[in-house]
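Asker: Structure incoming, see below.
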Amino acid sequence: MNMVAWKMLTHERAKYLGLVFAIAFSTFLLENQTSIFAGILKRTASQILDVTDAEVWVMDPSTQYFEETKALRDTALTRVRGVPGTAWAVRLFKGIPVARTETGRFAQSIVLGLDDATLVGAPRKMVLGTWDRLREPDSVVIDRAGYLLLYPGQPLQLGRRLELNDHAVTIVGISEAGAPFASFPVIHTRYSTATRFQGLERNQMAFILARPTPGTSAEALCTSIHAATGLRARTSAEFAWDCIRYYLKNTGIPVNFGITIAIALIVGTVVAGQTFYLFTVENLRQFGTLKAIGIPNRRLMAMVLLQGAAVGAIGFALGTGMAAVFFDVFRQQVATRGIILMWQSVALTGGCMVFVVVLASVLSLRRVLVLEPAIVFRA
Amino acid sequence: MNPSRPAVQCRNLRKQFGDGDTRIEVLRGVEFTAQAGELTFLLGPSGCGKTTLISVIAGLLDSSSGDVEIFGTAVEKLDPDARVRFRRSHLGFVFQQYNLLPALTAAENAAVPLLAAGVKPREAVGRARELLGKLGLADRADTLPSRLSGGQQQRVALARALIHGPKLVVCDEPTAALDHATGESVMELLAGAALAPDRAVIVVTHDTRVLPFAHAIAQMDDGRILGVDRTQRRTAPAHSH
């Protein structure tokens, strides 16, 4: 009877395609919006996740997320180094000076000042040049997107001069840093160079980057540092989630995306559900005939569920394919780099589509199950 | 043929719809017997309860009271699953509107009872082709119902009703939508293919043109069988048996 169910489904081509495309567009919209949402939120933690050689971030106890920092005293570094379980700890500067090119084009930028001796936190994905050239005087590494923002339409080139808050520096490398939340250039330099870009504040150290000794977990080290110094210490993953949670809680991003996702879900459910319901209702006489012939309710249920599962699976596959093409195209754009179709988004959307199909099938099934087979004798 | 063996027996059969002021009694104590090996016609004016009676006989509707037996089985006393199984293996249906599935070809439509019984599609459709060939539709087996004439559609419906060898075939106005010649041809096929000593056919009809095919004619009115005429054996065409 599966053959009969399949033929009933595909016989009316317009309705069949309508059903499939309702599911496909709903899938596309849901996967698109949830992936972009997750990608944008992940950007709030890009600079944390880019640092792969340290596992623990130490900061002022009141710090809530990466962008909001209060400088620590230099003595804090010594205190953290003294905490048992700390293999090493280095300073990290973060500032947002204005970067200006020779032509006068300027943009606010994120400057990360790395420990002069170790260069811990240096960008590992380089597009041009090497990060160890940061040891040269007044040198910086800028990310590719920031370079294209400051030098639009120009080829990547080392040796260009930039002014950071009126301090001249030379670009010695171009990196592929994770995209920041705002479209600021991400500039890496040495700590001693970076502190010169800022005003004359007493304290300059935004973060301390640390690594636990072998046998000590990052979480345990965080607890020890907090207990010993009173400073806030978070693992890289914890700090990244702190940033994401901060933006979720304090910005309108989740509401905006939430509305779009809810509309996609409602439209998908209503359109696909209603079309499938009408499809079944219009075929009630056929189901009545099958009932009269002696096909039991459970077989009819299986037929309706098979029809629902077929349109759901085909629509979901189409929609996911459309989303994959969309993200593949936009992944190559500078503005949308790093935003990918996440498997979690595909899985979540798959779950939603199963819900839509089951709901539509159950609503339709009710009509089939209560159907009086004697309907077939009515003209 | 054994005319004394009852195929269908209805005793004091009653069927009501609705409650209170809206209650309508459609069957009012029907006493009816259709004999095996016979083609029994059920005649009566519109609204007299013919369709309700065959719906109850076929197990598509429950009666309010009374008994129905089909070849000795009290269908209403079976549990719902057993009743569906009984209907699937022992009953065939021919409807006024044919009720063919528009998505299936003629052969696939005729094969539906076999598919329902779990026969593999290839085998079921093959057997349906064979039967359609016997009914003169060999060249239309792969055609969708929308491309068949009324008479051809009714022959496909007939094939669907007969393919699984049911003991009882129930027909509701099988010739109402057909012209005289086509109607007569359908009745010939029905009488020829469905009748056997251990089988029976009940036909509800208004079409007096096909009465010569009947072995018995039950007259119905106002929810009762007024009488069964078997004194005058009808003269069916010679090739119908």
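Asker: Could you give the length gained by full extension between A:Gln344 and A:Asp132, i.e. 0.36 nm per residue of separation minus their alpha carbon distance, to one decimal place?
Answerer: Here the answer is 72.6 nm.
Asker: Can I ask one more? Report, to the nearest 10°, how far helix B:106-116 tilts away from the longest principal axis of the Cα atoms in chain B, using its own Cα long axis and a range of 0 to 90°.
Answerer: Approximately 60 degrees, to the nearest ten.
Asker: Taking +1 at the Cβ of each Lys and Arg and -1 at the Cβ of each Asp and Glu, which of A:Gly95, A:Ile40, A:Leu29 sits farthest along the dipole of segment A:15-146 towards its positive end, judged by Cα position relative to the Cα centre?
Answerer: Checked the options; the winner is A:Leu29.
Asker: Oh, and also: Which residue, A:Glu67, A:Glu282, A:Glu55, tops the fluctuation ranking in a GNM of chain A built on C-alpha contacts under 10 Å?
Answerer: Comparing A:Glu67, A:Glu282, A:Glu55 in the GNM, the peak value goes to A:Glu282.
Asker: Still on this structure: Assigning unit charges at the beta carbon (Lys, Arg +1; Asp, Glu -1) and nothing else, what dipole magnitude in debye, to the nearest 20, does the protein assembly as shown show about its Cα centre?
Answerer: It comes to approximately 460 debye.
Asker: Just grab the label-to-label distance for A:Leu278 and A:Thr78, each label 7 Å out from Cα along the Cβ direction, in nm (one decimal).
Answerer: Here the modelled spin labels are 7.8 nm apart.
Asker: Okay, next question. Stretch A:Arg13-A:Ile253 to full length: gain in nm at 0.36 nm per residue minus the Cα-Cα span?
Answerer: That works out to 82.4 nm of additional length.
Asker: Quick check on the exposure proxy: order A:Ser35, A:Ser183 from fewest to most C-beta atoms within 10 angstrom.
Answerer: Fewest-to-most ranking of A:Ser35, A:Ser183: A:Ser183, A:Ser35.
Asker: Which one of A:Pro123, A:Thr193, A:Ile293 has its Cα pushed farthest toward the positive end of the charge dipole of chain A, where Lys and Arg give +1 and Asp and Glu give -1 at the Cβ?
Answerer: Value computed over the given set: A:Ile293.
Asker: Next up: Mark the label point 7 Å from the Cα of A:Arg285 along Cα→Cβ and return the residues of segment B:125-159 whose backbone N is within less than 17 Å of it.
Answerer: Counting backbone N atoms under 17 Å from the label point, the list is B:145-158.
Asker: For chain A, just run the numbers: alpha carbon Rg, then divide by 2.2 N^0.38 Å, N being how many residues it has.
Answerer: 1.38
Asker: Can you give me the Cα centroid spacing of segment A:209-276 and segment A:40-117 in angstrom?
Answerer: Here the answer is 19 Å between Cα centres.
Asker: What is the gain in length, in nm to one decimal, between B:Arg122 and B:Leu226 on full extension, counting 0.36 nm per residue of separation less the C-alpha to C-alpha distance?
Answerer: Contour length minus Cα-Cα distance gives 32.7 nm.
Asker: If you don't mind, another one. Among B:Val203, A:Val358, B:Val228, which comes first, second and so on when ranked by fewest other beta-carbon atoms within 10 Å?
Answerer: A:Val358, B:Val228, B:Val203
Asker: Below 8 Å between Cα atoms, with a sequence gap of 6+, how large is the relative contact order for chain A in percent?
Answerer: It rounds to 29 percent for chain A.
Asker: Related question: Only Lys, Arg, Asp and Glu count, each charged at its Cβ (+1, +1, -1, -1), so figure out the dipole size of segment A:46-250 about its Cα centre, rounded to 20 debye.
Answerer: My answer is approximately 120 debye.
Asker: With Cβ to Cβ distances under 11 Å as the rule, what net charge do the other residues near B:Arg209 carry (K, R +1; D, E -1)?
Answerer: Summing Lys/Arg as +1 and Asp/Glu as -1 gives -3.
Asker: Kindly express, to the nearest 10 degrees and within the range 0 to 90, the angle between helix A:253-282's C-alpha long axis and the longest C-alpha principal axis of chain A.
Answerer: Computed tilt is about 10 degrees.
Asker: I want the local charge near B:Val30. Using Cβ-Cβ distances under 15 Å, sum +1 for each Lys or Arg and -1 for each Asp or Glu among the other residues.
Answerer: -2
Asker: Here's another thing I want to ask about it. Looking only at segment A:336-375, which residues have a backbone nitrogen under 16 Å from a spot 7 Å from the Cα of A:Lys125 in the C-beta direction?
Answerer: A:336-342, by backbone N distance to the label point.
Asker: Helix-derived [θ] at 222 nm for chain A: sum -39500 (n - 2.57) over DSSP H runs of at least 4, divide by residue count, nearest 500?
Answerer: Mean residue ellipticity at 222 nm (helix-derived): -17000 deg cm²/dmol.
Asker: Note the angle between two axes, namely the Cα long axis of helix B:121-134 and the longest principal axis of the Cα atoms of chain B, as a number of degrees from 0 to 90, rounded to the nearest 10.
Answerer: Roughly 80 degrees between the two axes.
Asker: Assuming R0 = 30 Å, can you tell me the calculated FRET efficiency for the pair A:Ala87 and A:Trp241, based on Cβ-Cβ distance, to the nearest 0.05?
Answerer: Once the sixth-power term is evaluated, E becomes 0.80.
Asker: Once label points are set 7 Å from the Cα along Cα→Cβ at both B:Arg28 and A:Ile266, what is their separation, rounded to one decimal in nm?
Answerer: It is 5.6 nm.
Asker: Let me ask another. Over 28 Å between Cα atoms: which of A:Lys94/A:Lys249; A:Lys7/B:Lys15; B:Lys77/B:Lys120; A:Lys125/A:Lys249 fall into that group?
Answerer: Table pairs above 28 Å Cα-Cα are A:Lys7/B:Lys15; B:Lys77/B:Lys120; A:Lys125/A:Lys249.
Asker: Taking chain A as a Gaussian network, where each spring joins two C-alpha atoms under 10 Å apart, which residue of A:Leu164, A:Leu128, A:Leu284 fluctuates the most?
Answerer: Among A:Leu164, A:Leu128, A:Leu284, the largest mean-square fluctuation in the Gaussian network model of chain A belongs to A:Leu284.
Asker: Just need the Rg to Rh number for segment A:46-250, please, alpha carbons only, Kirkwood Rh.
Answerer: With Rh from the inverse mean 1/r over Cα pairs, Rg/Rh is 0.97.
Asker: Another one. What relative contact order, as a whole-number percentage, does segment A:46-250 give when Cα pairs under 8 Å and 6 or more residues apart are counted?
Answerer: Contact order relative to length: 37 percent.
Asker: What is the distance, in nm, between label points placed 7 Å from the Cα along the Cα-to-Cβ direction at A:Phe355 and at A:Ala220?
Answerer: If labels sit at A:Phe355 and A:Ala220, their model points lie 4.1 nm apart.
Asker: Give the calculated FRET efficiency between B:Glu188 and A:Ala302 to the nearest 0.05, with a Förster radius of 30 Å applied to their Cβ-Cβ distance.
Answerer: That pair, B:Glu188 with A:Ala302, gives E of 0.15.
Values in this text are rule-based calculations from the coordinates and carry no lab data. Remember, predicted model here, so these are calculated numbers, not experimental data. Here Cβ is always computed from backbone atoms with ideal geometry, including for glycine, and neighbour counts include all displayed protein chains.
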